[in-house]
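Data block below; observations after.
A short reminder: the numbers here are calculations on the coordinates, not readings from a lab. Predicted model only: the values in this text are computed from it and were never measured. Every residue, glycine among them, receives a Cβ derived from its backbone with ideal geometry; neighbour counts consider all protein chains shown.
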Amino acid sequence: MENEVKAIAKMQRISPIKARLVVDTIRGKKVSDALAILENTNKKAAVMTKKVLLSAISNAVNNNGLDKDNLYVSEARVDAGPVYKRPMFDSRGHIGHNDKRTSHIVIKVAEKK
């Protein structure tokens, strides 16, 4: 089995649907290519995902002694976190809701042999 190293960013204030659009673009890519894609993506989720990817790379290099040049993104996923439910006044005296969704961004990197 290959040596996988992961990093997780929990409770990120972005909808999982929006974050998955960005995370799907880097899955399976080399680390250098994934960083270039995230640098040039103009979305809030790209900034969050880049931080998690850099953390996973640092974990792999410093804690596990893997070579940065041989790393690739073996798994990248976004899980739904808890939803902050906020009341919102609606028409005719009703109370609506304004859901603030959160995400858990999980990235695993592995070394290509």
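How would you classify the range 1-48 from its alpha-carbon gyration tensor, with a ≥ b ≥ c the square roots of the eigenvalues: rounded for a/c under 1.5, else prolate if a/b is greater than b/c, otherwise oblate?
In terms of gyration-tensor shape, oblate.
Which one of Val73, Ala56, Val23 is farthest out on the positive end of the charge dipole of the chain, using unit charges on Cβ (Lys, Arg +1; Asp, Glu -1) and the Cα centre as origin?
Of the options given, the answer is Val23.
Could you give the dipole magnitude of the chain about its Cα centre, charging the beta-carbon of Lys and Arg +1 and that of Asp and Glu -1, in debye to the nearest 20?
The dipole magnitude comes to about 520 debye.
Can you give the relative contact order of the range 4-111 as a percent, counting alpha carbon pairs under 8 Å and 6+ residues apart?
42 percent
Which aspartates and glutamates, if any, have their Cα less than 12 Å from the Cα of Lys68, not counting same-chain residues under 8 positions apart?
Partners found: Glu111.
What net charge do the residues around Met11 carry, taking every other residue with its C-beta under 14 Å from that of Met11, with Lys and Arg at +1 and Asp and Glu at -1?
Net charge in that neighbourhood comes out at +4.
Tell me the net charge near Ser32. Cut-off is 12 Å between Cβ atoms, Ser32 excluded, with +1 for each Lys or Arg and -1 for each Asp or Glu.
After counting each charged neighbour, the total is 0.
So how far apart, in nm, are the two label points at Lys112 and Ile17 if each is 7 Å from Cα heading toward Cβ?
About 3.5 nm separates the two model spin labels.
Taking the 0 to 90 degree range and rounding to the nearest ten, how far is the long axis of helix 44-58 tilted relative to the main principal axis of the chain, both from C-alpha atoms?
30 degrees
State the answer as a single residue: which of Thr41, Met88, Ile8 lies farthest towards the positive end of the charge dipole of the range 4-111, with beta carbon charges of +1 for Lys and Arg and -1 for Asp and Glu, about the Cα centre.
Of the options given, the answer is Met88.
In nm, to one decimal, how far is the modelled label at Ala36 from the one at Asn59, with both set 7 Å along Cα→Cβ?
For the pair Ala36/Asn59, the computed spacing is 2.6 nm.
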